[in-house]
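Notes follow once the structure below has been shown.
The values are calculated or read from the model by the stated rules, or taken from the named source; none is laboratory data. For clarity, every value in this text was computed on a predicted model and none was experimentally measured. Positions of Cβ are backbone-derived with ideal geometry, glycine not excepted, and every protein chain shown enters the neighbour counts.
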Amino acid sequence: MRNSIDSARLGILLMTVFFLLAVPIGLLVSQEAPQEEYEPITSADCMTCHEKSKHDTDFRDDLSHSAHDGMDCLDCHQDRATNPHQAEEGFVVGCQGCRACHEEQSEEYQAHGRESIGACEDMPTCADCHGDHGVLSSSIKNSMTHPVNMPQTCGRCHEDLDITTKYAILIDHPIQIYNTSVHGQATKGGIYVAATCNDCHSTGDTAHKIFSPGHPDSAINHFNIPRTCGKCHKAVEQDFFEGIHGQLVARGETDAPVCTHCHGEHGILSSSDPASPVSSAKVAEITCSPCHESITLTEKYGLTAGRYTSFIDSYHGLKSKAGDVHVANCASCHGVHRILSSTDETSTVHPENLQDTCGECHPGISTALATTSIHGIGGEGIQTKAAGVVKTIYIVAIVVIIGLMALHWIIDLIRQIVMVIRRPQVRRMRLGELWQHHLLMSSFIVLVITGFSLRFADSWITSLFFGWDGGFELRGQIHRIAAVVLMFASTWHFIYLLTPRGRRFLKDMMPKIRDFFDFLQKILYNLGLSKKPPRFKRFSYIEKAEYWALIWGNVVMIVTGLLLWFDNFIVSIFPKGVLDVSLVVHYYEAILASLAILIWHMYATVFSPEVYPMNPSWLTGKMPRDMFEHEHPDAEVEEVNASDKKGEESE
């Protein structure tokens, strides 16, 4: 018992001694070891590692020829350890070093191309535009910010598809387009006063404050564009704001045109360039008509609609459309930049000023003639009732006279056809064969009209057949119905070829060597080099060529047509390129087939003097016996089927 108590007392005593010794030792250990005093480095120290730049040039050489001559490394790359304003150790890099001296420019630059100030990982740094160590004044030709080099400098980002795609910058190749413009060409030629990127995109007197078009202070904001262009074109700016377009812009109308609407943005061309939208040949159609033919704008501003159409109907418009660059256009009469309403006393088209305006091209023109509308019959060209009456008389006379002429020749044509049919006949097609031809012919005509109406939607024939509300949807339905009829007729003909008569037809229709010699004989005869025409059998090379072309064309049109009809299903199993090729083949095969019918078939069956007014077999299945014997003198008697005296069919 006593031993236990002594052991406890001994443990307590040892713990007390340990505690008394541990506290002072811990305090001594916890004290910081004395640090070595920091010795700032010098520019010479930097060169031990950074002897060469990324361009393999000496930093010191770059600096000595730059705007920063006399500065050393630490002027820009400050040591944070010796700078009381820096919270962390290390060296300042990038734009932070530039901001140490260029605080104002730094603040101006922060919203480069953006509507609000904020960080952007791809925003260009100072070095991207000015260079790193070899920074030169913009007045030096080798400087990256010299006017000659600005397009290339800006193009590093704005021609980079990765950047423009990432930030949805939808302007396509602006630098490439700018280089072809009058500004770009002048800059390349050394005319440094020509506008470059920062002249148009920077705001105020600084080149660093660049905003997007949506920013109200942006130099390229819709309402600021006239003043931006006016920095170089002051007189034009004044004329513009005095005109009606400038007045609308000044009051905040977003649909009023500004400089870029007429001249373009980056690819501005001289008005003497035929490709320019303000050239004499294009100013009416390309520049003025999109606004003045707009239903929305004409209703909003109370403008007379159809001005472009009426201009084209006039002498000036017709000559302009023909390529005459000297004839009057919109700008010739209404002005270029100072365009005013005809009610304004200072307007060039005010009634009191028209004699002077027209007199520039027509010296000595009378007031009465000058005040006559020149926009043509499509607008207000006819001013008097007498002219209107004469116009009506002429329209009636044209309809009656030409209508009677057409009726006269229609009656004569019908009589000629009847006389042809009354001549002794030879049967060429039975009833089933005749129906195959009718279905093929009618479906082909409908397919041509409805098919080309899709491609040539502005043509008069399209307007005639489908120029009403819902007409175009009906066009598609009719086209598909006609396609089904064509496929039915083709299938019927294929089945017909399996019959005894069909096999005989196919045998006689097969190309033979004789057909080639018949072709040569026909050419020699037509050229007067042979006195004898070829002697054809049941089917000539003309009919054979057309038949096999028809077979090939039908197969191509049906296959490609079905691919386009069921496009949703096709793209699920084939690449889209299959549809693209099908569309091209379908369209151009249709052109080929249509022209072949018009030139080859119609001449052989209608317009050839030997068969005019026509070969009636497409109506009755028969043709005159003398016509058949003339065309097919070597046909066998059983092929002619004309053994009776009356010339009737003898099966």
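The set of residues in the stretch 242-256 being under 24 Å from Phe311 (Cα atoms) and either outside the structural domain of Ile171 (by TED's automatic domain parsing) or crowded, with 19+ Cβ neighbours inside 10 Å (or both) consists of Gly243, His245, Ala256.
Within the stretch 321-332, how many residues turn out to be buried (at least 17 other Cβ atoms within 10 Å of the Cβ) and either part of a loop (DSSP other than H, G, I, E, B) or touching a Leu at 6+ places or on another chain (Cβ under 9 Å) (or both)? Residues flagged as buried (at least 17 other Cβ atoms within 10 Å of the Cβ) and either part of a loop (DSSP other than H, G, I, E, B) or touching a Leu at 6+ places or on another chain (Cβ under 9 Å) (or both) within the stretch 321-332 amount to 3. Among the conditions (1) surrounded by fewer than 20 Cβ atoms within 10 Å (Cβ to Cβ); (2) hydroxyl-bearing (Ser, Thr, Tyr); (3) at pLDDT 90 or above, the only one that Thr153 does not satisfy is (1).
Under 26 Å from the mean Cα position of the chain (by Cα) and of a type in the set (A, V, I, L, M, F, W, C): is that true of Leu303 in this structure? No, not satisfied. Would you check if Glu299 is free of Cβ contacts under 8 Å to residues at least 12 places away in the same chain and not hydroxyl-bearing (Ser, Thr, Tyr)? Judged against the criteria, Glu299 is a match.
Go through the residues of the stretch 544-559 one by one and say whether even a single one is touching a Leu at 6+ places or on another chain (Cβ under 6 Å) and modelled with pLDDT of 95 or more. Taking every residue of the stretch 544-559 in turn, none turns out to be touching a Leu at 6+ places or on another chain (Cβ under 6 Å) and modelled with pLDDT of 95 or more. Screening Ala387 with (1) aliphatic (A, V, I, L, M); (2) closer than 30 Å to Thr605 by Cα; (3) in a helix (DSSP H, G or I) gives one miss only, at (2).
When you scan the stretch 232-241, do you find a residue that is under 20 Å from the mean Cα position of the chain (by Cα), on the phi < 0 side of the Ramachandran plot and surrounded by fewer than 16 Cβ atoms within 10 Å (Cβ to Cβ), even just one? For the stretch 232-241, residues under 20 Å from the mean Cα position of the chain (by Cα), on the phi < 0 side of the Ramachandran plot and surrounded by fewer than 16 Cβ atoms within 10 Å (Cβ to Cβ): absent.
Applying the criterion of being over 16 Å from Thr145 (Cα atoms) and surrounded by 19 or more Cβ atoms within 10 Å (Cβ to Cβ) to the residues of the stretch 183-214, the residue that is farthest from the chain's Cα centre (by Cα) is Thr203.
Hey, any hits in the stretch 294-303 for a residue that's of a type outside the set (S, T, N, Q), surrounded by 14 or more Cβ atoms within 10 Å (Cβ to Cβ) and not in a loop (DSSP other than H, G, I, E, B)? Yes - at least one qualifying residue is present in the stretch 294-303. Restricting the stretch 285-317 to residues that are of a type in the set (D, E, K, R) and modelled with pLDDT under 85, the residue that is nearest to Cys262 (Cα to Cα) is Arg307.
Within the stretch 196-228, which residues are touching a residue at least 60 places away in the same chain (Cβ under 8 Å) and small (Gly, Ala, Ser)? Across the stretch 196-228, the qualifying residues are Ala207, Ser212, Gly214. Only one of the listed residues (Ala457, Ala483) is in contact with a helix residue (DSSP H, G or I) (Cβ under 8 Å, 6 or more places away or on another chain) and in a loop (DSSP other than H, G, I, E, B). That residue is Ala457. The requirement of being free of Cβ contacts under 8 Å to residues at least 60 places away in the same chain and closer than 17 Å to Phe444 by Cβ is fulfilled nowhere in the stretch 563-579; no residue meets it. The C-beta contact set for the stretch 307-320 (first residue part of a helix (DSSP H, G or I), second residue surrounded by fewer than 17 Cβ atoms within 10 Å (Cβ to Cβ) and of a type in the set (A, V, I, L, M, F, W, C), distance under 6 angstrom, 6+ apart or interchain) comprises Asp313/Ile377.
The helices (runs of 4 or more DSSP H) found entirely in the stretch 139-189 that carry 1 or more residues being of a type in the set (Asp, Glu) and either assigned by TED's automatic domain parsing to the domain that holds Ser272 or in contact with a helix residue (DSSP H, G or I) (Cβ under 9 Å, 6 or more places away or on another chain) (or both) are 161-166. Taking the numbered list (1) under 25 Å from the mean Cα position of the chain (by Cα); (2) under 30 Å from Thr343 (Cβ atoms); (3) buried (at least 20 other Cβ atoms within 10 Å of the Cβ) in turn, Gly267 passes all entries but (2). For the stretch 348-370, the set of residues classified as in contact (Cβ under 8 Å) with a residue 12 or more places away in the chain, in a loop (DSSP other than H, G, I, E, B) and within 22 Å of Ser289 (Cα to Cα) consists of Thr348, Val349, listed by residue number.
Yes or no: Lys231 over 19 Å from Ile339 (Cα atoms) and in contact (Cβ under 8 Å) with a residue 12 or more places away in the chain? Spelling it out, Lys231 is indeed over 19 Å from Ile339 (Cα atoms) and in contact (Cβ under 8 Å) with a residue 12 or more places away in the chain.
Can you spot a residue in the stretch 435-445 that is within 30 Å of Val484 (Cα to Cα) and in contact with a strand residue (DSSP E or B) (Cβ under 8 Å, 6 or more places away or on another chain)? No, the stretch 435-445 contains no residue that is within 30 Å of Val484 (Cα to Cα) and in contact with a strand residue (DSSP E or B) (Cβ under 8 Å, 6 or more places away or on another chain). Identify the residue in the stretch 390-434 that is within 26 Å of His632 (Cβ to Cβ), β-branched (Val, Ile, Thr) and part of a helix (DSSP H, G or I) and, among all such residues, is nearest to the chain's Cα centre (by Cα). Among those residues, the one meeting the criterion is Ile417. Does Leu498 satisfy the condition of being outside any helix (DSSP H, G or I), aliphatic (A, V, I, L, M) and out of contact with any Phe, Trp or Tyr (no Cβ under 8 Å at 6 or more places or on another chain)? Yes; evaluated as a whole, the condition is true for this residue.
All conditions but one from (1) in contact with a Ser or Thr (Cβ under 8 Å, 6 or more places away or on another chain); (2) modelled with pLDDT of 95 or more; (3) among the aromatic types (Phe, Trp, Tyr) apply to Trp435; the one that does not is (1). Looking at this structure, is Ala281 within 23 Å of the chain's Cα centre (by Cα) and surrounded by 15 or more Cβ atoms within 10 Å (Cβ to Cβ)? Taking the combined requirement at face value, the residue satisfies it.
You will find that of Ser608, Ser650, the residue that is hydroxyl-bearing (Ser, Thr, Tyr), out of contact with any helix residue (DSSP H, G or I) (no Cβ under 9 Å at 6 or more places or on another chain) and either at pLDDT 90 or above or in the same structural domain as Trp435 (by TED's automatic domain parsing) (or both) is Ser608 and no other. Checked against the criterion of being modelled with pLDDT of 90 or more and charged (D, E, K, R), the stretch 633-647 contains not a single residue that satisfies it. Would you confirm whether any residue within the stretch 283-290 is in the same structural domain as Lys234 (by TED's automatic domain parsing), closer than 21 Å to Leu248 by Cα and acidic (Asp, Glu)? So far as the stretch 283-290 goes, no, none of its residues is in the same structural domain as Lys234 (by TED's automatic domain parsing), closer than 21 Å to Leu248 by Cα and acidic (Asp, Glu).
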